[in-house]
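Below is one structure, written out as structure tokens; the observations come after it.
Every number in this text was worked out from the coordinates using simple rules, so none of it is lab data. All figures in this text were calculated on a predicted structure; none of them were measured in a lab. So basically every Cβ, Gly included, is an ideal-geometry build from the backbone, and we count neighbours across all protein chains shown.
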Amino acid sequence: MTMYQKQQQEKKEKERTALLSLLEEMLDPNVFGMRPCVHGGDVQRTAAELGIPWREMIDFSASVNSLGPSPKVLKAICDNLWQIPFYPDPCSELLKESISKHIGGIDEGNVIVGNGSTELIWLFSDILLSDSDKVIIPAPTYGEYETAISKKGAKPIFLNLDQEKEFRIVYEDVIDRISYEKPKMVFICNPNNPPSKVIGREEMLSIVEECARKNVFVFVDEAYVDFVDKPWEVTVAPEVNDYWNLFVLHSMTKIYGMPGLRVGYGISNHEFINVLERVKQPWNVNCLAQVAAIEGLKDEDHLRKTRKIITSGRKYLAEKIESFKSLHLYKPEANFLLININKVEMTAAQLKGKLARKRILIRDCSSFRNMDRYHVRVSVRTPEQNQRLIEALKITV
Ligand SMILES: Cc1ncc(COP(=O)(O)O)c(C=O)c1O
């Protein structure tokens, strides 16, 4: 490097430092400590690093419907391209109608639609929380809860789930922690990601009731509920009118196989939904996503087909993974499986790297709180793809 180049570099570095301190002075102090949440499904980046076309990767790291969207959804998208030059319905009214019929026991006023369900986690935190509010978050669980609340300066209280109990959320532990900490709200992911464990409907309602008595909001994230064997024994969505403190989140990106389109919805009492509607951004869900979601809800055949391959695929993967001496499987209840690899002589990151070179992408779980470097998560995919995963594991672990 020449002297001139060195001087230029030093000048740039000084300018950068000055800008950073200016931003630190001017911006909300909460945002400075924030780190983006790590997610599965980073197919494009991983494939680019390996020099592989990303369509050739089999993505076991994101737990979405491996059949993709229903062909009827794709047709509806093509038939409605004419809508693109118009603004979409700002509040997704037609979609709300379809959602309320689909859930049953609620009406359109109980529903808010988001640009993916993650938007609603952020919106919820935005209107409910302020500096130093306490929020109970079981760990491990979906990482966006912590990121969203930290923007508001709220304080996460982690309820560390016990590995001996297969990371199951235990009713008594939740209630004890709530009584002791007196938080403003609690997040409960059901089925929980990544442990793939379910809390039954009755038990969940007892938590909601106890929290109502203690003035605590309960955010129940049911993003994966349609993948469990008997969703009606798990979901509390139809009960929102009976509890002032219950908000239920559903994702349409998972079971309807359209994460690229971004649709999710929240269900709660009319008054709370009303406040959220006043604060949310207009036109948050694009016209094609609204059309696709309405069509997806109609196609029950596609849903039945999906459930069938999930049930048989989960059984197949569980049996095969349990037959590996070096792998420990936590009994799965959703469309993804959490595996302890600590008997294999490599970390989750190393295993992920080896499988990626075979065009198979898995989720290294070390970024989750209360998870070590030896846990991975894989989703249930088509029978052929599940078989490819098992073949690849056979020669890798
Ligand atoms: C538990 C859980 N909730 C919500 C989401 C968000 O999904 P989306 O924003 O695609 O609806 C995810 C995504 O991984 C998740 O795992």
Worksheet item: Can you give the extra length, in nm with one decimal, that the chain gains between Asp242 and Thr311 once fully stretched, where that is 0.36 nm per residue apart less the Cα-Cα distance?
Response: 21.6 nm
Discussion item. Taking a cut-off of 16 Å, what percent of all Cα-Cα pairs in the range 283-348 are separated by more than that?
Written reply: 63
Worksheet item: Where does the range 9-98 land on Rg(C-alpha)/(2.2 N^0.38 Å)?
Response: 1.81
Worksheet item: Each residue of the range 107-120 in turn: what ³J(HN,Hα) in whole Hz from Karplus with 6.51, -1.76, 1.60 and θ = phi - 60°, glycine and Pro shown as x?
Response: 10, 4, x, 8, 10, 10, 9, x, 7, x, 5, 4, 4, 6
Fill in: Dipole-positive endmost among Ser130, Gly114, Ser70 within the range 49-131 (Cβ charges, Cα centre)
Ser70
Worksheet entry | Integer Hz, Karplus 6.51/-1.76/1.60 couplings in order for the range 205-222, x for Gly and Pro | 5, 5, 5, 4, 4, 4, 5, 4, 4, 9, 6, 10, 6, 10, 9, 9, 9, 9
Worksheet item: How many nm is it between the label spots at Arg35 and Ala18, if each spot is 7 Å from the Cα in line with the beta carbon?
Response: 3.1
Worksheet entry | the range 99-181: relative contact order as a whole-number percent, Cα under 8 Å and 6+ apart | 23
Worksheet entry | Size descriptor, Kirkwood hydrodynamic radius, that averages inverse alpha-carbon separations across the range 42-153, Å | 18.1
Response to the item:
If R0 = 41 Å, then Ser206 and Lys343, at their Cβ-Cβ distance, give a FRET efficiency to the nearest 0.05 of 0.60
Worksheet item: To the nearest 20 debye, what is the magnitude of the charge dipole of the chain about its Cα centre, counting +1 on the Cβ of each Lys and Arg and -1 on the Cβ of each Asp and Glu?
Response: 1680
Worksheet item: Over what distance in Å are the Cα centres of the range 281-352 and the range 17-38 separated?
Response: 36
Item to complete: Would you compute, for the Cα atoms of the chain, the largest minus smallest coordinate along each principal axis and list the three values in descending order, in whole Å?
Response: 69, 56, 56
Fill in: Sequence-distant residues sharing a close amide H with Phe336 (under 5 Å, placed H)
Val380
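Could you pull out the longest piece of the chain with no exposed loop chymotrypsin sites (Phe, Trp or Tyr not before Pro) in it, calling a site exposed if DSSP puts it outside H, G, I, E, B and it has at most 14 other Cβ atoms within 10 Å?
My reading of the result: 87-243 is the longest stretch.
Regarding the range 71-298, what's the average projected area of the Cα-atom convex hull, expressed in nm²?
For the range 71-298, the mean projected area of the Cα convex hull comes to 12.0 nm².
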Worksheet entry | For the chain, calculated [θ]222 nm from helices alone, where every DSSP H run of n ≥ 4 adds -39500 (n - 2.57) | -13000 deg cm²/dmol
Item to complete: Determine by what factor the alpha-carbon radius of gyration of the range 22-71 differs from 2.2 N^0.38 Å, reporting the quotient.
Response: 1.81
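When a footprinting reagent is the concern and you count Cβ atoms within 10 Å, what order do Thr306, Thr347 take, fewest first?
Thr347, Thr306
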Practice prompt. Take the Cβ-Cβ distance between Phe158 and Met26 as r, set R0 to 30 Å, and report the resulting FRET efficiency rounded to the nearest 0.05.
Written response: 0.45
Discussion item. Which residue fluctuates most in the GNM of the chain (Cα springs below 10 Å): Leu205, Leu22, Leu94?
Written reply: Leu22
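Report the full-extension gain for the segment Glu181 to Met3: residue separation times 0.36 nm, less the Cα-Cα distance, to one decimal in nm.
Working: separation 178, 0.36 × 178 = 64.08 nm, distance 5.91 nm.
Working it through step by step, the gained length comes to 58.2 nm.
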